[in-house]
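Taking it in order: structure first as structure tokens, then the write-up.
Nothing in this text is a laboratory measurement; each read-out follows from the coordinates by a stated rule. Remember, it's a predicted structure, so these values are computed and weren't measured experimentally. Ideal geometry is used to build each Cβ from the backbone, glycine not excepted, and the neighbour counts take in all protein chains shown.
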């Protein structure tokens, strides 16, 4: 094999929002270049000693602590305390906020390049309004989500720095794509407990790093294809977070980029999954387009795809049929997913499809029958599946409960529908995802017809308080 300078992957997802001003806005706390090149400052930044960074910013550049506090969203007394050498900053969210406010390049902190470092407009990070963290019996799960949100990114900088250190001279070894894929798999676990509003910046940064690496990397053709496959996988994860955060244009663009990268990599399974994501985007606006794209996804992955991948793609095809109101086609696609899942294989499933299991298929089956207004089929399967579903997966469980609640309304069991809806509202409180409340909105609207029932009135009041 000869060496290969990988052709740049064009990223044509451009922001259409007036809020994308980070590239042109220069904060008053931006550190002068000369100060950034000072050895004491470089040492403080590398050590993540932000107290020393703040002290040097004031003494050498005349930037007041109050101004730093305002730009970094830190209490002024906290800035002073840090500058005196007491305490530290460890959360990814706060570290990136400081980097942006002081204009510290991402490479100096072990981060991917920041949005303002690029010459093209950067995609807006979805601003999720903070919701009150309740303690109504679900405090442990909410605290767990908050813990993950504030600590999960803390190790990202060091991890990526260590991973990229061997890339001297931009020569990429054959083992590097697998190491990068393993890192991508680890970061995917954040999606188990956090919404897209919290994970989008992380996933997008990983995607941007790999894309930048590909532009200048020299490697064998085999390694180049493997890198493109990882890029496709990362684009799908970032696209999913964008979708979960309500940024559908961004999600669509990332899915399209993922499909192109997967095709260039010769990864049929990932190419099929990119199409399945696109179908999910299309189905609500154009049923026929959604079905066609979901069908194409199954055909693209083909019969040689792993059982889990085929099960996943047929599940999504079943959903497209269900949204379109096609009963028999939905049943056939669900049967195909079940048949695939029942197969055994010596090959491990790709991590991005490994979450598909029998319980996931039960949930999708229940969702489909709920969508088709068949409550007698939907309720038993959803009840069974959700008893085995951990509350830690709060976003997903609240979503699945919404279909159960909807089925109870359809069946005329409004008290039970109200109880399930209340449970879903509790679970999704504080989750940085637009989808649970959006899914619950039509359920609450239907329950509104029964507000004379005490249980219904209570849950409508709860929903209003959390709006």
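Mind checking the full-extension length gain between residue 288 and residue 215? Use 0.36 nm per residue of separation minus the Cα-Cα distance, one decimal, nm.
Working it through step by step, the gained length comes to 22.5 nm.
Report the calculated FRET efficiency for residue 84 and residue 438 (r = Cβ-Cβ distance, R0 = 45 Å), to the nearest 0.05.
Efficiency, from the Cβ-Cβ distance: 0.45.
Given the Cα-Cα distance of residue 343 and residue 248 and 0.36 nm per residue of separation, how much length would full extension add, in nm?
Gain in length upon complete extension: 30.7 nm.
Over region 201-341, what is the relative contact order in percent, taking alpha-carbon pairs closer than 8 angstrom and at least six residues apart?
Over region 201-341, the number comes to 16 percent.
Separation between the residue 39 and residue 457 pseudo-spin-labels, each 7 Å from Cα along Cα→Cβ, expressed in nm?
Taking the two extended label points, one gets 7.5 nm.
Treat the count of other C-beta atoms within 10 Å as a stand-in for reagent exposure and order 116, 403 from fewest to most.
116, 403
Fewest first, what order do 360, 46 take by the number of other Cβ atoms within 10 Å?
46, 360
Quick one: length gained pulling residue 445 to residue 411 fully straight, 0.36 nm per residue minus the C-alpha distance?
The span from residue 445 to residue 411 would gain 10.7 nm if fully extended.
Using the number of other C-beta atoms within 10 angstrom as an exposure proxy, rank 344, 410, 90 with the fewest first.
So the ranking, lowest neighbour count to highest, is 344, 90, 410.
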